[in-house]
1. Suppose we filter the stretch 207-254 for residues that are under 26 Å from the mean Cα position of the chain (by Cα), among the small types (Gly, Ala, Ser) and at positive phi; how many remain?
2. Quickly run through the stretch 139-174 and pick out the residues that are in contact with a Ser or Thr (Cβ under 6 Å, 6 or more places away or on another chain), small (Gly, Ala, Ser) and not in a strand (DSSP E or B).
3. Looking at (1) within 26 Å of the chain's Cα centre (by Cα); (2) outside any loop (DSSP other than H, G, I, E, B); (3) of a type in the set (A, V, I, L, M), find the lone condition where Ala186 falls short.
4. Restricting to the stretch 85-120, name every residue that is farther than 25 Å from Ala239 by Cβ and touching a Leu at 6+ places or on another chain (Cβ under 9 Å).
5. Failed condition for Ala308, given (1) surrounded by fewer than 24 Cβ atoms within 10 Å (Cβ to Cβ); (2) part of a helix (DSSP H, G or I), with all others met?
6. Quick test for you: out of Asp461, Asp385, Asp428, Asp378, pick the one residue that is charged (D, E, K, R) and modelled with pLDDT under 95.
7. Is at least one residue of the stretch 422-435 touching a residue at least 24 places away in the same chain (Cβ under 8 Å), in a loop (DSSP other than H, G, I, E, B) and not basic (Lys, Arg)?
8. Before we move on, is Ser173 among the hydroxyl-bearing types (Ser, Thr, Tyr), buried (at least 23 other Cβ atoms within 10 Å of the Cβ) and touching a helix residue (DSSP H, G or I) at 6+ places or on another chain (Cβ under 6 Å)?
Amino acid sequence: MKRIALLVVTLAAFGCGREPAPDPGRAPTLVVLVTVDQLRADYLTRFRDQLTGGLGRLLDGGAWFQNAFHDHANTETAPGHATVWSGRFPSHNGIVSNPRGVPDTSVRLLGSDGPGASPHRLRGDWFFDWLHAAEPAARALSVSRKDRGAILSIGRSRESVYWFAPEGRFTTSTYYADTLPAWVEAFNAGRLPERMAGRAWDLLLPPSAYPEPDSVPYEHGGRDFTFPHLLPSDSAAAAATVMDYPWMDDLILAFALDGVESLGLGRGPGTDVLAVSLSATDHIGHRFGPDSREIHDQILRVDRVLGAFLDSLAVLRDPARIVIALGTDHAVGPYPEAYEARTGIRVGRVSLRGVLTDVRAALAARGVPSRAFRLEGDQLWVDPDAFDSAGVPVDSVVEAFAERARAVPGIARVDLTRTLATADTTRDTIARRWVHALPPDLPIAAVVTLEPHWVWAPGTDAQHGTPWDYDAHVPLVLYGAPFRAGVYADTVRSVDLVRTLAAGLGLTVPADADGRVLREALKNEQGR
């Protein structure tokens, strides 16, 4: 625990550390999968000159794909993690939204009252499955603030998978274990979140290093929108809210480092996997938006804390035998107020509650229960059996809903899922991304696409989730001996990342996986 506490305390004092010396003849002993939740691709170019830590190191020494995009419509955390680390679109991996991701009432959390979670909805195999098939002794540790981030980085394997419970401690569900191991209990006993009570988040650099204004009243719902931002002084409240501050990433990486040592990951001779999903950027991005001084400072902090983590990892394991893949689950759009002020284009917030209420009332009068016609985000779910029992034709009701919804300001299009199969997915990017988003056997009857830069009401935060490029444009980086460092400008897709990672490691990839190998990034161009 002394080492972990020291890491948390000294994260700001980042040193350059040792650079891995590429040696293709030596197989990696540790593959590190890094997901930075809500990392827009332009953050790495906007702040490039100030990235002197881990992000900067990956960009300097890795294969950096600047024009990578998620090619699915549902740009949320669960579908994004599943897509990046399975190399499969949501239409094939089965994860279509956050609510339809990992929640599972058949399992419970260990030592927490939070909701249970498991990979029970997952379809197909994941990167770790490909590795495990080649190396049965391979092990994995996956850590995140979010259950979906931890679970969907690894797949269905019952490995060491942990996330941050509402009480401010790391836990897992009974899908993975019946008790927490001693090293997890010891980490939790350190009560690091509680010890952060009253800490102030202030700027990492002098104010002159940030061009963004620090007095934007629509940020964070008009509350606490200027620096410094204080954690509650009450220890329990601090533990429950630390996820909204940069230090959540510190905790994730400290816990991961402790797990690497406790589990003996990466000691060789085989290859193990460490997956870390850093969520603080997502929380801060939602509250303050991508144009804020807060998000600027947060990206600098991710850079520094990741650098400190890589330095610590290099002390424990041979850095020349570590391979790193960096991806992200989604980007984010600007606050509507910021976009309108910058462009003069009118945008706003959209609600279909009135349309949905009217349709459901008419259905109730005909014997169709409200649960049989549900709008979950931008997806319209129906229960065909309930419609059949009531003798109501579901298609005509869906068409009527779609016609009314299309007339609402801020709605770009409403697509019936049965017609998406015949869309021109070569020219129609939105249709293609919806096709990639939806398993055909799910009862999703229609999907709604907002006009660019409009967001759903009644929220007061910055949002993501649309098929538009500003939510889909994400960075991909591969770093380590198998990969050719450089900046790559060609357009690629997020499903390509693990296909290329697998090729660099010489792994066999199932024929039904999506994506392609980015051979230009491989030192050995014979990778398959």
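The values are calculated or read from the model by the stated rules, or taken from the named source; none is laboratory data. Remember, predicted model here, so these are calculated numbers, not experimental data. In this analysis, Cβ positions are derived from the backbone assuming ideal geometry, glycine residues included, and neighbour counts consider all displayed protein chains.
1. 1
2. Gly149, Ala150, Ser153, Ala165
3. (1)
4. Trp85, Ser86, Gly87, Pro90, Ser91, Asn93, Gly94, Ile95, Val96, Arg100, Pro119 - these are the residues of the stretch 85-120 that are farther than 25 Å from Ala239 by Cβ and touching a Leu at 6+ places or on another chain (Cβ under 9 Å).
5. Checking Ala308 against (1) surrounded by fewer than 24 Cβ atoms within 10 Å (Cβ to Cβ); (2) part of a helix (DSSP H, G or I), the one that fails is (1).
6. Asp461
7. First, the residues of the stretch 422-435 that are touching a residue at least 24 places away in the same chain (Cβ under 8 Å): 429-430, 432-435.
Narrowing further to those that are in a loop (DSSP other than H, G, I, E, B): none.
No.
8. No: the conditions fail for Ser173.
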